[in-house]
Amino acid sequence: MPSNKDYLNFVLEQLSGLEKIAYRQMMGEFILYYNGKIIGGIYDNRLLLKPTKAAKLLIQKPVYEKPYKGAKRMLLVEGVDNKSFLEHLFNLIYGELYN
């Protein structure tokens with residue numbers, strides 16, 4: 001089931017405190033970028049992010065899901081409605097992967 005723009009717009013609004021958040025639609029889903037780097041995506045209206053060590057520590061009981069068949073597991077973010085948590089999580093993942 002492809003993701004819908006309403007969910008994408010909700011996630012983007014939650015991330016509005018961060019600069020340089022972008023997305024790219026691909027095969028009915030949305031890849032999310034932070035400062036030009038891939039952080040994760042929206043798949044089947046689920047926010048899935050790269051499973052870094054820092055992200056796994058922040059999410060105390062991490063749940064892993066595959067975005068599509070044959071893909072690597074990613075972290076399912078269930079706290080999408082918590083804006084400060086989500087922005088902090090994006091900063092942690094970006095910092096660990098790209099700094």
field: For segment 1-65, radius of gyration divided by Kirkwood radius, i.e. Rg to Rh on alpha-carbons
entry: 0.96
- prompt: Between residue 78 and residue 16, what length comes free when the chain is fully extended (0.36 nm per residue of separation minus the Cα-Cα distance, one decimal in nm)?
  reply: 20.5 nm
Span from the segment 47-78 Cα centroid across to the segment 79-99 one, whole angstrom: 12
- request: Name the residue, out of 29, 78, 19, whose mean-square fluctuation peaks in a Gaussian network model built on the chain with Cα pairs under 10 Å.
  value: 19
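With runs of 4+ DSSP H residues as the only contributors, calculate the mean residue ellipticity of the chain at 222 nm using -39,500 (n - 2.57) per run, divided by the residue total and rounded to the nearest 500. Write down the numbers at each step before the final one.
Numbers: 3 runs with 32 residues, N = 99.
Result for the chain, helices only: -9500 deg cm²/dmol.
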field: Amide proton proximity set for residue 43, modelled H, under 5 Å, gap of 5+
entry: 48
query: If you place +1 on the Cβ of every Lys and Arg, -1 on the Cβ of every Asp and Glu, and leave all else neutral, what size is the dipole of the chain about its Cα centre, to the nearest 20 Debye?
result: 460
Per-peptide average of other Cβ atoms within 10 Å, ordering 10-17, 57-64 highest first: 10-17, 57-64
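FYI, it's all coordinate maths here, none of it is from the lab. Being a predicted model, the structure only gives us computed values, none of them experimental. All Cβ positions, even for glycine, are placed from backbone atoms using ideal geometry, and neighbour counts span all protein chains on display.
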